[in-house]
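*Asks:* Attaching a single structure in structure tokens format; questions to follow.
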Amino acid sequence: MIPSDDAASPRRAARAALSEAAARFAFSATPRLDAELLLAHALGITRERLLLTLGDHRAPPTFAMLVDRRAAHEPIAYITGTRAFWTIDLAVAPGVLIPRADSETLIEAAVDHFAGTAGPKRVLDLGTGSGALLLAALDQWPEATGIGLDASPDALAVARGNAARLAPGRATIAEGGWEGTGEAFDLILCNPPYIANGATLPPEVAEYEPASALFAGIDGLDDYRRLAPLLRRQLAPGGIACIEIGFDQGDSAAALFRASGFAVTLRRDLAGHQRCLVITP
């Protein structure tokens, strides 16, 4: 007896749904991964569990709605509400910059700096956004405490939720800017806006992520200019600041901090691009 369409195997249904979704995501660098993440989210399981049990599932009706959102270039992180970063999983939402793997370069630089020591005791994250850098650092150094500052109400709400879940009692999220808190810290982390006004960005960035977290003047350096003269008083003796830069800003951004009397070295990301200024007094 030939099985009807209704009796088709779950494996075939799930695989077909993934293939059809991936075909709609040709604009993405990772179309199949995007589809898998969305199907796992629709099913309420991890992607790893999905891949291990694909034959047990059909795509639920909600999957089609998620695929439509992604096909309109909405970022996966906003659709699922989560983003993995370093060793933690963060809640994210529209209005807050999505953490990216490039920013892990700052944590790697800090890990190298504090290797062989007890690590930083106090950490400051300037422009904390979702809290990604601060909470990754606190997960790396369980004895440390820290503060994340941001001017955005949306970011503060998301960061406070992440801090309460990932570092209860160890992370404080507060409104603030580049001037800091008046306290000196062993480790300062910062991913400021650094994109030049008018730069062309992918639709999923330009149409969805907050412009205030992206753009920094005609050359993308405005926030470095503000931060450089304010940084020294915020660094404790032996402290280090790790500040993210655009891939082509190594010389120009470093020059601003050297003009304020700092020693600056450059750290590259996994793609080989200059990504982090490592700053010491």
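*Asks:* Within the set of other residues whose C-beta is less than 15 Å from the C-beta of Gly180, count the net charge using Lys and Arg as +1 and Asp and Glu as -1.
*Replies:* With Lys, Arg at +1 and Asp, Glu at -1, the net is -3.
*Asks:* So if each residue of separation counts as 0.36 nm, and I subtract the Cα-Cα distance between Ala101 and Arg233, what length gain in nm does that give?
*Replies:* That works out to 44.6 nm of additional length.
*Asks:* Can you sort Arg225, Arg268 by 1.4 Å-probe accessible area, starting with the largest?
*Replies:* Arg268, Arg225
*Asks:* Once you place label points 7 Å from the Cα toward the Cβ at Ala115 and Ala13, how far apart are they in nm?
*Replies:* 5.2
*Asks:* Please give the length that would be gained between Thr82 and Thr145 if that part of the chain were fully extended, namely 0.36 nm times their separation in residues minus their C-alpha to C-alpha distance (nm, one decimal).
*Replies:* Net length gain for the segment: 20.3 nm.
*Asks:* Per residue, how much space in cubic angstrom lies within the convex hull of the C-alpha atoms of region 45-125?
*Replies:* 141
*Asks:* Further question: List the chymotrypsin sites (Phe, Trp or Tyr not before Pro) in region 186-271 that DSSP assigns to loop (not H, G, I, E or B) and whose Cβ has at most 14 other Cβ atoms within 10 Å. Which are they?
*Replies:* Here the sparse-neighbourhood loop sites are Phe247.
*Asks:* Same structure, new question: Just to confirm a number: summing +1 for Lys and Arg and -1 for Asp and Glu over residues other than Ala110 whose beta-carbon lies under 11 angstrom from that of Ala110, what do you get?
*Replies:* Net of charged neighbours comes to -3.
*Asks:* Okay, next question. Using Cα-Cα distances under 8 Å and only pairs 6 or more residues apart, what relative contact order does the chain have, in percent?
*Replies:* 14
*Asks:* Related question: What FRET efficiency would be calculated for the residue pair Arg122, Leu270, taking the C-beta separation as r and a Förster radius of 22 Å, to the nearest 0.05?
*Replies:* Once rounded, the FRET efficiency stands at 0.15.
*Asks:* While we're on this one: Evaluate the relative contact order of region 28-99 (contact order divided by residue number), counting alpha-carbon pairs under 8 angstrom at least 6 apart; express in whole percent.
*Replies:* 23
*Asks:* Next question. So, counting K/R as plus one and D/E as minus one, what does the shell of residues with Cβ under 15 Å around Ala271 add up to?
*Replies:* Net of charged neighbours comes to -2.
*Asks:* Report the full-extension gain for the segment Thr172 to Glu48: residue separation times 0.36 nm, less the Cα-Cα distance, to one decimal in nm.
*Replies:* That works out to 41.4 nm of additional length.
*Asks:* Sticking with this structure for a sec: What percentages, rounded to whole numbers, describe P(r) for region 190-281 computed over all alpha carbon pairs with 5 Å bin width beginning at zero?
*Replies:* Reading the bins upward from 0: 3, 14, 24, 23, 18, 11, 5, 2, 0.
*Asks:* Just the accessible area per residue of region 136-266, please: how many Å² with a 1.4 Å probe?
*Replies:* 45
*Asks:* May I pose another question? Distances over 25 Å make up what percent of all Cα-Cα pairs in region 92-242?
*Replies:* 25
*Asks:* What would the Debye equation give as log₁₀ I(q)/I(0) for region 8-58 at q = 0.17, 0.21 Å⁻¹, counting only Cα atoms as equal point scatterers?
*Replies:* -0.45, -0.67
*Asks:* How are the C-alpha pair distances of the chain spread across 5 Å bins, as whole percents from the shortest bin up?
*Replies:* 1, 6, 12, 15, 16, 15, 11, 8, 6, 4, 3, 1, 1, 1, 0, 0, 0
*Asks:* Sorted by accessible area (1.4 Å probe), largest first, how do His273, His57 line up?
*Replies:* From most exposed to least exposed: His273, His57.
*Asks:* Place a point 7 Å from Cα of Arg24 in the direction of its Cβ. Which residues in region 60-97 have their backbone N less than 17 Å from it?
*Replies:* 60-80
*Asks:* How much mean residue ellipticity at 222 nm does the chain get from its helices, if each DSSP H run of length 4 or more adds -39500 (n - 2.57) and you divide by all residues, to the nearest 500 deg cm²/dmol?
*Replies:* Value at 222 nm, helices only, nearest 500: -11000 deg cm²/dmol.
*Asks:* Dipole magnitude of region 70-158 about its Cα centre, charges +1 at Lys/Arg Cβ and -1 at Asp/Glu Cβ only, in debye to the nearest 20?
*Replies:* With only Lys, Arg, Asp and Glu charged at Cβ, the dipole is about 100 debye.
The values are calculated or read from the model by the stated rules, or taken from the named source; none is laboratory data. Please read all numbers here as calculations on a predicted model, not as lab measurements. Counting neighbours? That spans all protein chains shown, and the Cβs are built from the backbone with ideal geometry, glycine included. We work out accessible area using only protein heavy atoms, side chains counted, and drop any ligands, DNA or RNA first. Shrake-Rupley method; radii C 1.70, N 1.55, O 1.52, S 1.80 Å.
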